[in-house]
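Written out below as structure tokens is the structure these notes cover.
The values are calculated or read from the model by the stated rules, or taken from the named source; none is laboratory data. All values derive from a computational prediction rather than experimental measurement. Cβ sites come from the backbone with ideal geometry, for glycine too, and all protein chains shown count toward neighbours. Areas reflect the complete protein model, heavy atoms only, side chains present, ligands, DNA and RNA absent. Shrake-Rupley method; radii C 1.70, N 1.55, O 1.52, S 1.80 Å.
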Amino acid sequence: MLASVDGEIGPAEHARIPITDEGLLRGDGAFEGLRLYSGRPFGLDDHLARLAHTCAGLRLDLDERALAHELAQLLEAAGPVDGVLRIVLTRGGRRILFVEPLPRRPRIARVGTVRYAPNRITDGLKTISYAANDLALRLAREQGFDDALLVTPHGRVLEGATSAFFWVRDGQLFTPPIEDRILPSVTRQTLIDVAGAVEEVCTLDTLHGAEEAFLASSVREVQPLAAIDELQLKAAPGPVTLHAHAALRQAIEAELG
Ligand SMILES: Cc1ncc(COP(=O)(O)O)c(C=O)c1O
């Protein structure tokens, strides 16, 4: 695993930042996670645009030229790997980039719902304050599920702990609207563009009419769901999920060649 801290490249386990960095002390900073296909990141421009949006929202300086230069150098050093590229910018001013292996995940998941309320001030920003998302995942796993589905106290279904959420009804693919204060996921937007997903408010009641559902993110692409709490989905993966995944793969191939 290779890392770059302010342009200094070396093994990730030897990379260091000062313990006074408020990125560490307060989870104050911005990040991105991209998938590398043979060493090439998919959706780099979209991820960098979201990073700039997060930095603007957090009032965090972003040196785009230095980042682009350091990113090119790290990717060159990493070579044609399949994995995850992380970009982390801390309040202490560190630019951290690293390449890590893909996480192991079940091909088909069962998710448990977890109560979650967006906090209104950092909504839509990809900040490094992920303790709530990680806790949601742990709570769901404690109940025997593979992942968490975040649902507001009013019953609005939002997204996964680290993924966008999609469901299918009468053969049509749906995903919750950005106005529900979810993360503007790059994969979600790609699936709206290439797989005809439509934004619609989702409640727990809505899910009882669902034929299929899946989670989507840069790292996992499309992960079919077999169950949401006690609700068993008819098909995992069903035809609309398979079509959406194929359309995403096509978009990736079209961009990366
Ligand atoms: C809360 C949340 N929603 C959605 C996503 C998926 O975003 P993307 O498609 O940009 O990877 C992530 C990714 O980490 C996330 O953390």
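When you look at residue 32, is it open to solvent by 70 Å² or more (accessible area, probe 1.4 Å), of a type in the set (D, E, K, R) and in contact (Cβ under 8 Å) with a residue 12 or more places away in the chain, yes or no? When the stated conditions are applied, residue 32 does not pass them. The set of residues from region 177-201 being over 19 Å from residue 218 (Cβ atoms), within 17 Å of the chain's Cα centre (by Cα) and surrounded by fewer than 17 Cβ atoms within 10 Å (Cβ to Cβ) comprises 177, 180.
The rows are residues; the columns are (1) touching a strand residue (DSSP E or B) at 6+ places or on another chain (Cβ under 8 Å); (2) within 15 Å of the ligand (Cβ to nearest atom).
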position	(1), (2)
114	yes, yes
117	no, yes
120	no, no
197	yes, yes
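The residue of region 97-131 that is farthest from residue 228 (Cα to Cα), among those that are loosely packed, with under 15 Cβ neighbours inside 10 Å and of a type in the set (A, V, I, L, M), is 121.
Kindly check whether there is at least one residue in region 98-116 that is under 27 Å from residue 144 (Cβ atoms) and of a type in the set (Gly, Ala, Ser). Yes: one or more hits.
Checking each residue in region 132-155 for being closer than 16 Å to residue 105 by Cα and part of a helix (DSSP H, G or I) picks out 134, 137, 138, 140, 141. Has region 145-157 got at least one residue that is open to solvent by 10 Å² or more (accessible area, probe 1.4 Å), within 16 Å of the ligand (Cβ to nearest atom), in contact with a Phe, Trp or Tyr (Cβ under 9 Å, 6 or more places away or on another chain) and under 22 Å from residue 246 (Cα atoms)? Within region 145-157, none of the residues are open to solvent by 10 Å² or more (accessible area, probe 1.4 Å), within 16 Å of the ligand (Cβ to nearest atom), in contact with a Phe, Trp or Tyr (Cβ under 9 Å, 6 or more places away or on another chain) and under 22 Å from residue 246 (Cα atoms).
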